[in-house]
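The block underneath contains the structure these notes are about, expressed in structure tokens.
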Amino acid sequence: MHAQDSPNSLDSPAATAPPRRSGLTVVAICFFVVVFDGYDLIVYGASVPKLLAEPDWHLTPSRVGGIASWTLFGMLLGALSSGALTERLGRRQIVLIGITWFSVAMMACSAAPNPGSLTALRFVAGLGLGGVIPSSIALTMEYAPRERRQLYNALMFAGYPVGGVLAASLARGLLAEHGWRPLFALGAAPLVLVLPIAWRYLPESPGYLLSRARTEEARAVAQQHGLDFEALRREHTATMDKAGPRALFQPNVVVATVLFGAASFCGLLLVYGLNTWLPHLMRKAGYDLGDALSFLIVLNVGAIIGAVSASLLADRFGPKRASVGAFGAAVVSLVVLTHKMDQGWLYLAVAVAGFGSVGTQIIVNGYVGSHYPTRIRNAALGWSLGIGRAGAILGPTLGGWMLDAGFGFESNFYVFASVAALGLLAIGFVPRPATSTSPAGLPAKEEMHA
């Protein structure tokens with residue numbers, strides 16, 4: 001028996017000391033990291049009207065959409081590479097490096113002298129933005145109360161639309177008079193507002209420490225934050241034997257695997273397509289810049305409400321029914337946006353579209369996690385979100401292509417509504433799990449609420 005695993009260590013003063021910090025401090029830090037992740041992505045969409053009017057740049061909608069897609073491609077590579085880097089550096093270090101990376105890159109973006117350099121710098125920023133998300137998710141899931149993990153994960157992800165509200169609100173006050181550069185420069189604020197707090201209070205993942213055989217350190221961190229160390233160690237031991245991606249394509253799960261990938265593709269295309277093009281589309285619909293940016297604020301307010309209510313709806317009705325309902329809400333709201341009507345009703349439709357995009361994707365992620373057994377759950381989520389990233393990359397480019405081709409704003413909303421309808425069909429045809437029990441041995445949601 002190794003010394004660090006000796007039963008006597010359980011009788012040490014550290015083992016009986018009361019928690020000195022709340023695990024929710026970690027969740028809060030991850031929330032603010034995601035706030036600025038959302039800000040840096042959505043501020044681009046808020047800036048599109050001014051980018052199209054930038055003197056001597058001669059940008060077209062398709063070029064503007066392409067720049068946004070390069071950002072998302074950088075996020076994809078950042079997320080993929082962060083997995084290997086996390087194994088060597090730990091989740092805490094990845095978050096700290098990511099905050100520094102995307103903050104400096106955003107400051108550089110604000111000084112970009114031409115479209116080519118802006119494209120390259122947005123790609124570089126995307127590497128940092130994509131790198132912090134997996135580690136933020138993992139830390140949130142480890143440090144949140146065990147019985148509230150899904151809810152706190154949803155609350156953490158609500159930081160994305162909160163960042164969107166912040167970006168659109170600042171754009172409404174600054175964009176018309178000062179242009180897009182100050183908005184990008186404000187993306188460096190995490191260097192001052194978040195990084196010092198994260199450096200001081202963000203602990204390392206107990207799971208990472210266990211994987212490096214630093215058992216006593218993991219025990220101390222868990223006790224300091226009031227975590228059940230033995231439960232964490234059991235989880236770590238269980239995941240050491242997880243199966244690889246090929247298990248997702250066995251006959252009993254292959255249909256669900258393909259359909260989940262399709263649903264995530266549709267969901268993330270909606271999220272990033274709408275956040276990139278909504279202000280410009282509303283300007284084409286006849287609204288001035290301030291009103292068009294107000295719609296972006298409302299979209300993300302709806303997404304905040306959706307991020308929280310999504311987890312509650314999934315708990316009440318099951319993730320499949322909740323996902324179908326959320327995709328359906330997106331279809332209806334996007335069709336409504338093609339019609340002229342009272343501005344109050346349009347605001348409501350935009351808010352529902354926010355719920356139907358961001359809220360839907362959160363439910364789908366939870367559905368994937370509950371559908372597969374523990375040993376292939378991580379692989380299933382990786383597959384679903386990986387395919388979804390392709391939709392995220394396509395969304396901004398698709399909107400730009402349609403605008404360059406001369407299609408009206410109505411056509412864009414109809415295309416986005418069609419994507420939501422395809423997502424609804426994909427998630428609606430996901431078959432029930434092969435067994436009637438969840439990986440934890442509890443009745444599966446779809447069986448309980450069928």
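The values are calculated or read from the model by the stated rules, or taken from the named source; none is laboratory data. Just so you know, these numbers come straight off a predicted model, no measurement behind them. For neighbour counting, all protein chains shown are included, and Cβ atoms are generated from backbone atoms with ideal geometry for every residue, glycine included. Heavy atoms of the whole protein, side chains included, go into the accessibility calculation; ligands, DNA and RNA do not. Shrake-Rupley method; radii C 1.70, N 1.55, O 1.52, S 1.80 Å.
A single entry from F413, F327 fulfils the requirement of being aromatic (F, W, Y) and closer than 26 Å to V43 by Cβ: F413. Restricting to the stretch 121-135, name every residue that is open to solvent by less than 40 Å² (accessible area, probe 1.4 Å) and either within 10 Å of the chain's Cα centre (by Cα) or modelled with pLDDT under 80 (or both). Hits for the stretch 121-135 are G130, I133.
Considering the stretch 188-211, and only residues there that are open to solvent by 60 Å² or more (accessible area, probe 1.4 Å) and free of Cβ contacts under 8 Å to residues at least 60 places away in the same chain, the residue that is farthest from P145 (Cα to Cα) turns out to be V192. Among the residues of the stretch 230-266, those that are at pLDDT 90 or above and either part of a loop (DSSP other than H, G, I, E, B) or more than 22 Å from I393 (Cβ to Cβ) (or both) comprise V254, V255, A256.
Put simply, of L269, L227 the only residue that is in contact (Cβ under 8 Å) with a residue 24 or more places away in the chain, surrounded by 15 or more Cβ atoms within 10 Å (Cβ to Cβ) and in a helix (DSSP H, G or I) is L269. Considering the conditions (1) buried (at least 17 other Cβ atoms within 10 Å of the Cβ); (2) in a helix (DSSP H, G or I), L59 is excluded by exactly one of them, (2).
Hey, any hits in the stretch 143-158 for a residue that's touching a residue at least 24 places away in the same chain (Cβ under 8 Å), assigned to a helix (DSSP H, G or I), more than 25 Å from G354 (Cα to Cα) and among the hydrophobic types (A, V, I, L, M, F, W, C)? No: the stretch 143-158 contains no residue that is touching a residue at least 24 places away in the same chain (Cβ under 8 Å), assigned to a helix (DSSP H, G or I), more than 25 Å from G354 (Cα to Cα) and among the hydrophobic types (A, V, I, L, M, F, W, C). Applying the set (1) open to solvent by 10 Å² or more (accessible area, probe 1.4 Å); (2) assigned to a loop (DSSP other than H, G, I, E, B) to A112 leaves exactly one unmet item: (1).
If you filter the stretch 333-342 down to residues that are free of Cβ contacts under 8 Å to residues at least 40 places away in the same chain and part of a helix (DSSP H, G or I), you find that the one that is farthest from L270 (Cα to Cα) is V336. The residues in the stretch 86-99 that are under 20 Å from the mean Cα position of the chain (by Cα) and either surrounded by 18 or more Cβ atoms within 10 Å (Cβ to Cβ) or at positive phi (or both) can be counted, and the count is 8. Between A379, A421, the distinction of being more than 27 Å from L155 (Cβ to Cβ) and touching a Gly at 6+ places or on another chain (Cβ under 9 Å) belongs to A421 only.
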